Amino acid sequence: MVNPFHRVNPRSIDLSDLNTMNFTKNLGILLFDDVEVLDFCGPFEVFSVTRGGQGVTPFNVFTVAAQPEVRARNGLRVLADYSPEEAPDMDILLLPGGLGTRKLISDQSLIEWIKNRSEQAELVLSVCTGALLLAQAGLLDGLEATTHHLAINRLRKMAPNCRVVENKRFVDNGKFIVSAGVSAGIDMSLHTVCRLLGKETARATARHMEYDWKE
């Protein structure tokens, strides 16, 4: 029986080249029905087009979803690379937002998966209401966080032990980097590239995207 998940990644990279650079990161993006498109497509673009030394790709970006096909906001259909159970180890986990997060909050098995994968990951990123998933998993206690401006009050209720801030594009807590809504995920992603690979690499990525990055 053919596995419905797409295992062959067209963005696959030469791991031998990356090993010589001593840098390669598996970056998994969680997808779900009614995910906000730019929440995941913006970071996907940033990490996919980033180039390190000798032009190698430092990030192996893939998608994870409970079902093979996801219908994002406004009807965009996306085929996921892996199921949650079969996804490879992730150095970086990225949680986008969207109206679909409201249903996921009550999915205890997925919340446990997020909690477990977050413990294993080096970095955990959230965009928009992806922060609500981190809150539901109890991962924002003692941290500073933000989210889409329309979900700020909800995040405060869900994470009473978190300092929720407004009017910030993103907040870097070290392991957990949390961004505001939609386009703010691009700024957070470029910040992450800057943190891991340096300002010049992040600037080059922003130039390639013709994105006006406010460093």
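Residue-by-condition table, conditions (1) assigned to a loop (DSSP other than H, G, I, E, B); (2) under 22 Å from Thr129 (Cα atoms); (3) at pLDDT below 95:
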site: Cys41; (1), (2), (3): no, yes, no
site: Phe44; (1), (2), (3): no, yes, no
site: Phe47; (1), (2), (3): no, yes, no
site: Gln54; (1), (2), (3): no, no, yes
site: Val61; (1), (2), (3): no, yes, no
site: Val70; (1), (2), (3): no, yes, no
site: Glu85; (1), (2), (3): yes, no, no
site: Pro88; (1), (2), (3): yes, no, no
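Residues that are assigned to a strand (DSSP E or B) and not aliphatic (A, V, I, L, M) within the stretch 72-81 comprise just one, Arg77.
Listed here are the residues, each with its yes/no results for (1) hydrophobic (A, V, I, L, M, F, W, C); (2) under 15 Å from Ile177 (Cα atoms).
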site	(1), (2)
Gly53	no, no
Phe59	yes, no
Ala66	yes, no
Leu93	yes, yes
Gly97	no, yes
Arg102	no, no
Ala121	yes, yes
Ala137	yes, no
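Can you tell me which residues in the stretch 111-149 are free of Cβ contacts under 8 Å to residues at least 24 places away in the same chain and of a type outside the set (D, E, K, R)? Asn116, Gly138, Gly142, listed by residue number. Selection of helices (runs of 4 or more DSSP H) fully inside the stretch 91-166 by the criterion of at least 3 residues being under 25 Å from His191 (Cα atoms) returns 108-120, 130-136, 152-158.
The values are calculated or read from the model by the stated rules, or taken from the named source; none is laboratory data. Worth saying up front: this structure is predicted, and the values here are computed from it rather than measured. All Cβ positions, glycine included, derive from the backbone under ideal geometry; neighbour counts span all protein chains shown.
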